[in-house]
1. Add +1 for every Lys or Arg and -1 for every Asp or Glu among the other residues with Cβ under 10 Å from the Cβ of PRO360, and state the total.
2. For ARG213 and LEU181 in the same chain, what is the full-extension length gain: residue separation times 0.36 nm, less their Cα-Cα distance, in nm?
3. Evaluate the distance, in nm, between pseudo-label points positioned 7 Å from the Cα of GLN47 and of ASP134 along their respective Cα→Cβ axes.
4. Taking only DSSP H segments of four or more residues, each worth -39500 (n - 2.57), what value at 222 nm results for the chain once the sum is divided by all its residues, to the nearest 500 deg cm²/dmol?
5. Dividing the Cα radius of gyration by the Kirkwood radius, what Rg/Rh value follows for segment 234-362?
6. State the volume of the convex hull built on the alpha-carbon positions of segment 62-130, expressed per residue in Å³ and rounded to an integer.
7. How far is it, in nm, from the label point at ASP285 to the one at GLN346 when both lie 7 Å from their Cα along the line to the Cβ?
8. Run the Debye formula on the Cα coordinates of segment 199-274, all scatterers equal and no solvent, and tell me log10 I(q)/I(0) at q = 0.20, 0.21, 0.23 1/Å.
Amino acid sequence: MHKCGSLLVATFLLVASLTACESSTPTNTNTASPGGTSAPAAGGTSQSRLDIIKQRGKLICGVDGKIPGFSFVNESGEYSGLDVDICKAVAAAVFGDPNAVEFRNLDSTERFEALKAGEVDMLSRNTTWTISRDTSVGLEFAPTTFYDGQGMMVRQDSGITKLEDLQGKAVCVEAGTTTELNLTDAMRQRGVQFETVTFQQADPAYAAYAEGRCQGMTSDKSQLVARRSTLPNPDEHILLDVTMSKEPLGPVTINNDSAWFDTVKWTTYALIEAEELGVNQSNVDQLKTSDNPNIKRFLGTEGDLGKGMGLSNDFAANAIKAVGNYGEVYERNLGEGSQFKLPRGQNSLWTNGGLMYSPPFR
């Protein structure tokens, strides 16, 4: 009995010692994430970018600022374009005010680092959704707002009608983009030897093309159409009948922040859903008295879909009132109401043979 008692005491002291050592070691359950927020750990909580934006009182949105139709700032400092309207819609969803947004112009090589460092809250900057950017780069892609493809612009009198005609010639391209990689793949596949002339920013690239330093200029087709309008003699330039890639363009947020990502994602979907429901900028207030249960939930007069996201229940109504539905945004900036008059094509609603489709607001 004496030996058994001694063994029990020794065992108790050993367990107590180990427990004391374990409890005296501090455990950090949160890890720092870009932008000064904390990434959530198992069982822990952290501040979302959404909370930071609310406390700041405005959204900071990264754009290009030099692409007419998408994001362009005029001499008066006023921003316009499809990408700009997405930013305004998000600001309206969060604050009820589309002007509660600050725009930051970012080139293609600095945009991702600015987002990861927290210098901007989101990108709405003709950014292509790819697997590597979605995974290893650490980004989250909201719904696509423009389905595009990479093209090639040449002078009309150059005699160039296909990519093979660029054999031994120079092509201007912006560095740090999928465009540069796609160009290399397309030319290698065709066995075309050519010279790539890269530029960190788009302006010098288009200037070099205009000066004749490059026989071709490649980028997303929509960007080529927009940029062509800024050249001295736009009619002297044509786009080849070739598509080198798929380019789904849309808003981007940082990874591992579901609350903020949900805000950007569902605000973007709201623009698409509004067009399908027939809700537009002019009738959104009138339809708040609609008997249609789908419209009532969508506009927040019934249910609490907004509350579940940390927003007001009328967040979608605020976004539509600010910029209109997706169809209105498209037509104003790129469609019949713009200088470009680009057909909707694959950017039509799914009910009209396009790719624009929103999950249910339920």
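1. That works out to +1.
2. Full extension of this stretch gives 9.5 nm more.
3. Once both label points are built, they end up 3.1 nm from each other.
4. It lands at -10500 deg cm²/dmol.
5. Looking at segment 234-362, the ratio lands at 1.04.
6. 92 Å³
7. Each label point lies 7 Å from its Cα, and together they span 4.0 nm.
8. At q = 0.20, 0.21, 0.23 Å⁻¹ the computed log10 ratios are -0.90, -0.94, -1.04.
A short reminder: the numbers here are calculations on the coordinates, not readings from a lab. The structure presented is a predicted model; accordingly, all values stated were derived computationally and were not measured. Neighbour counts run over all protein chains shown; Cβ positions are idealised from the backbone, glycine included.
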